[in-house]
Each structure stands twice: as structure tokens, then as C-alpha cells.
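Take a look at the structure set out below.
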Amino acid sequence: MNILAICGAANKSRNTASMLKSAFDGAMSVPGAAGEIVWLYELDYKGCTGCHSCKLLDESKFARCAVKDGLTPVLEKAIDADVLLIGSPMYFGDITGAARSFLERFLFPGITYNKDRTATYPKRPNVGWVFTMNAPGEFYKNFFDELCGTTGRIIGNSEYVMAYQTQQFEDYSKYAATMFDVDTVKKRHIEQFPKDLEAAFEMGKRLAGSQVQK
Ligand SMILES: Cc1cc2nc3c(=O)[nH]c(=O)nc-3n(C[C@H](O)[C@H](O)[C@H](O)COP(=O)(O)O)c2cc1C
């Protein structure tokens, strides 16, 4: 069983990466799991160029992204994944540009413009999203539900976990950031974040476990 975790955050040790690693560890704890974490910020790639090659009725082009760059091997691995874990911090009300560009390149070849909007990929991996953010938990619920709806239709059964009101800096006094209640953020980081990591682990384990049962 192939587990692919895709990190759309630049920093490898902060909130998003920690949550994603925990989801990955959960998935990898299921017997038979093998996989890797891909760090999108290490790759050189673009978003979808709208060339429409992936819609061509030509077997060698159909349902494959024609753009060849640093993302190409990741797209191939994603097509072959049984569990896909994707992590992103919220940036200006959306996932990061790096995560968004990956998603454009992966989703667009995954669906046709036919009337029934046929999904094209041979596998239906379980998808686990990991989101982190400053805002309170409910703030982006509609966005998360819609994104899971989109990946649910095109890729496979999708769910998410999140960590919110995350700690961004060790020492808030060094930054122009008076809008934060530092005591609340620090308390949350100590008391809630370990529980968020646990929820991420359980999601990864559940998504991988249900693939085994299929
Ligand atoms: C460029 C930028 C934009 C951000 N925009 C938002 C936002 O729109 N909503 C929000 O809740 N948090 C926002 N944040 C905060 C991050 O989502 C949050 O701190 C997140 O946990 C950071 O993840 P990291 O610790 O893995 O880097 C933003 C942070 C940055 C750097």
C-alpha cells in the first residue's frame, strides 16, 4: 500500500509539517504501508498552464499532465498512491500557492469535460487533508468542506484535520504582532497541539486501515 504525503508548507519543523508527519506516521503504522513525504518547496514547478493536453482523445496524452518539471515525478506517485495526505497552512484564506499549484496539476488531468465529468485515474486513494491556521477552527469550515468535496469527486474519499490558532513564533515580543493574545496561543500550543497531532495520526491510520479492508 502506497502512502504519499505532500507538504505545502516551506518549513519542515513547524505546525503544518508536524501535523503532516503525524498523519504520515499513522498511515505508516498500518501493516503493509510504504511511502514517503514530498516537500513541495524543494521542487521547481508551475501550476496548470491550461494547455488542455490532458483532455486530448489520444491515449498517450489523455489524463496526464503534459508539463514536464520538478512536479512530474510527484504527479506519477500521486496517481499510484493508495493514501494521499496533503498538508498546507492557510495563506490569505486559501492553501499555499505551492499546494494550490500541485492540486491544479493533479486534479485537472483527473477529470474530463464530458457531460458526466468522468474521473480518470485508475485508483481511488483515500485523501487526508491537514490544515493549520491562525483563525479559529470554524472560520474556514466551508472552504475545507468544499475542497474535500472537490478532491472527493476527482481523487477519492476525502477528510481533514486541522490545528488552529497555531504558534507562529517562539518569542512574540520580537515581532510586529500585537493582535495575538500570546498567553492563549502559548497555552494552546502546549495543551491543544499535542491533541491535534494525535488526531492527525489517527486520521492517517484510519485512511490507510480502510484501504487494507477494501
Ligand atoms: C503569508 C501568510 C499568510 C497567512 N494567511 C492566513 C490566513 O489567511 N488565515 C489564517 O488563519 N492564518 C494565516 N496565516 C497563518 C498561518 O496559516 C499559520 O500560522 C500556520 O499555522 C503556519 O503554518 P507553519 O507553522 O507550518 O508555517 C498566514 C501566514 C502567512 C505566512
One residue from L56, L71, L75, L20 being open to solvent by 40 Å² or more (accessible area, probe 1.4 Å) and at pLDDT 95 or above: L56
Residue match in the stretch 204-214 (condition: more than 19 Å from I86 (Cα to Cα), assigned to a helix (DSSP H, G or I) and open to solvent by less than 70 Å² (accessible area, probe 1.4 Å)): no
Single residue of the stretch 160-191 satisfying the filter (open to solvent by 50 Å² or more (accessible area, probe 1.4 Å), in contact (Cβ under 8 Å) with a residue 24 or more places away in the chain and at negative phi) that is nearest to the ligand (Cβ to nearest atom): Q168
Selection within the stretch 1-17 - touching a Lys or Arg at 6+ places or on another chain (Cβ under 8 Å) and open to solvent by 40 Å² or more (accessible area, probe 1.4 Å): N2
Answer residue from the stretch 113-131, given it is of a type in the set (V, I, T) and open to solvent by less than 10 Å² (accessible area, probe 1.4 Å) and is nearest to the ligand (Cβ to nearest atom) among those: V130
Meets criteria (in contact with a Gly (Cβ under 8 Å, 6 or more places away or on another chain) and among the basic types (K, R)) for R100: yes
Check on F131, at pLDDT 95 or above and either among the charged types (D, E, K, R) or within 23 Å of F169 (Cα to Cα) (or both): yes
Conditions (1) open to solvent by less than 40 Å² (accessible area, probe 1.4 Å); (2) at pLDDT 95 or above; (3) within 16 Å of the ligand (Cβ to nearest atom); number of the one not met by R105: (3)
Selection count, the stretch 132-145, where residues are open to solvent by 30 Å² or more (accessible area, probe 1.4 Å) and either within 16 Å of the ligand (Cβ to nearest atom) or in contact (Cβ under 8 Å) with a residue 12 or more places away in the chain (or both): 8
Positions within the stretch 115-127 being of a type outside the set (V, I, T) and either over 12 Å from the mean Cα position of the chain (by Cα) or assigned to a loop (DSSP other than H, G, I, E, B) (or both), in sequence order: K115, D116, R117, A119, Y121, P122, K123, R124, P125
Unmet requirement for Q167, which otherwise passes all of (1) at pLDDT 95 or above; (2) out of contact with any His (no Cβ under 8 Å at 6 or more places or on another chain): (2)
Which numbered condition T151 fails, given (1) closer than 14 Å to L84 by Cβ; (2) open to solvent by 20 Å² or more (accessible area, probe 1.4 Å): (2)
Helices (runs of 4 or more DSSP H) wholly inside the stretch 1-114 containing at least 1 residues that are among the acidic types (D, E), touching a Phe, Trp or Tyr at 6+ places or on another chain (Cβ under 7 Å) and within 17 Å of W129 (Cα to Cα): 15-28
Residues that are near the ligand (Cβ under 10 Å from one of its atoms), loosely packed, with under 15 Cβ neighbours inside 10 Å and on the phi < 0 side of the Ramachandran plot, drawn from the stretch 78-98: D94, G97
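The values are calculated or read from the model by the stated rules, or taken from the named source; none is laboratory data. Since the structure is predicted, the reported quantities are computational estimates derived from the model, not experimental observations. Heads up, the Cβs are rebuilt from the backbone with ideal geometry, glycines too, and the neighbour counts pull from every protein chain shown. Ligands, DNA and RNA are excluded from the accessible area calculation, which covers all protein heavy atoms including side chains. Shrake-Rupley method; radii C 1.70, N 1.55, O 1.52, S 1.80 Å.
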